[in-house]
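Only one structure is covered here, and it is reproduced in the block below.
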């Protein structure tokens, strides 16, 4: 009797996806901790704004550097081993950060966290593409982003309360142990493709590339116009959002808008929730419309509108300011469309590499903006301090947010110039 293969059951696909999404969520938590802990870090490590921005950006330096190698490694080895190793490195980095006694040791720990977590997103996308039908890839990308963003939400008011109760070092140490546990779980349970368990796969079989082919592929992927434009686009549409929510949003809200730290952390948490809602919303709209450009472009315009308020009317009534922040956050979630768009803009054999290139663009924006905004704030600093921590006035924050606004405008232009794929791979477009 001939055995009839079938696609894998949804519950099995959700199990493997869930482990990868949990790894991404914990790493996202660690990514944004400097925002809530900004006063503790500036006090404990004796930092000014530029130094704090540099400390936060060490995560992004190594995250960005890992993206293209991660895409290549996913094409060659599959996502499982990358999630296993990445979570182990992330856990070690979190433990070292909890023990850090100086700026230098803390920077090394942040670098390890960024390096380890750098494999999580592209690997999660590869799992989604392998275990779910292509028609829901945009939706699964949005859900992945939403679950990851939950980690960032937990790094706001909940982290603030836990750090006050137990100290920030104990909290981050516990998260490091959790990362090591997820690494072990991924090793024991995740499978790269349905074919590994005897099911029909959703993706065409592809030969493992040689190292020479990998090198040629890395050069080839940049020959496609969309690769360049979609590398540049998320630096503003998403990078500015990451810069604000990872670090500089809390000082803006507490110093410029005079909110208590607890209330400010809830505002940032609301922005992160809005971002995740936007990711799911734009992903579903993109899949339904069979369009990538329009949702991404609409999101970018919303981002541009919201941040214009921070620059041109920073003392706007609080309700209007909050609406502007939430509007920009929903719009920023549109960058999730870029992952499917980037994969569809190149041949299938280069899809993983293209995803890595796109995600590098997300991080390049943040890694430049975090220290740059710190430098701008210090440039406009008037000498005010409180408890050894520098205080910045409205002019300083207006100048810093102006940098983000200009970056967003360039990103929107890049989206406008990119070629539509109509949600079809390059070979059938």
Separation between the residue 313 and residue 379 pseudo-spin-labels, each 7 Å from Cα along Cα→Cβ, expressed in nm?
2.7
Return 404, 143 ranked ascending by Cβ neighbour count within 10 Å, so the fewest neighbours appear first.
143, 404
Does anyone have the angle between helix 10-36 and the longest principal axis of the chain? Alpha-carbon axes, 0 to 90°, nearest 10?
20
Relative contact order of the chain, please, whole-number percent, based on alpha carbon pairs below 8 angstrom and at least 6 residues apart.
26
Fewest to most neighbouring Cβ within 10 Å: what's the order for 190, 83?
190, 83
For the chain, longest principal axis from Cα atoms; helix 168-189 axis from its Cα atoms; angle between them, nearest 10 degrees, is 0
Give me the percent relative contact order of region 368-415, please, defined on Cα pairs under 8 angstrom at least 6 residues apart.
34
Estimated FRET transfer efficiency (residue 395, residue 420; beta-carbon r; R0 41 Å; 0.05):
0.50
Which of these, 212, 157, 146, has the largest mean-square fluctuation under a Gaussian network model of the chain (Cα springs below 10 Å)?
212
If 179, 414, 238 are placed from fewest to most neighbouring beta carbons inside 10 Å, the sequence is 414, 179, 238
Calculated from DSSP H runs of 4 or more alone, at -39500 (n - 2.57) each and per residue, what is the 222 nm mean residue ellipticity of the chain, nearest 500?
-24500 deg cm²/dmol
Given an 8 Å cut-off on Cα distances and at least 6 residues of separation, report the relative contact order of region 179-311 as a percent.
12
Listed residues 12, 242, 297; largest mean-square fluctuation, Gaussian network over the chain with Cα springs below 10 Å, found at 12
Say a paramagnetic label sat at a point 7 Å from the Cα of residue 105, along Cα to Cβ; which residues of region 41-72 have their backbone N under 15 Å from it?
44-46
Mean 1/r over distinct Cα pairs of the chain, inverted to a Kirkwood Rh in Å, yields 21.5
If each of residue 135 and residue 406 carries a label point 7 Å out from its Cα toward its Cβ, how far apart are those two points in nm?
4.7
Measuring from label point to label point, each 7 Å out along Cα→Cβ, what is the residue 320 to residue 7 span in nm?
4.9
What FRET efficiency comes out for residue 225 versus residue 205 if R0 is 22 angstrom and r is the Cβ-Cβ distance? Round to the nearest 0.05.
0.15
Between helix 120-131 and the chain: long-axis angle, C-alpha atoms, 0 to 90°, nearest 10
30
Could you order the peptides 53-65, 219-231, 114-126 from most to least packed, using the average number of other C-beta atoms within 10 Å per residue?
114-126, 53-65, 219-231
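Throughout, read-outs are computed from the coordinates displayed, never taken from laboratory work. None of these values were measured; they are calculated from a predicted model. All Cβ positions, glycine included, derive from the backbone under ideal geometry; neighbour counts span all protein chains shown.
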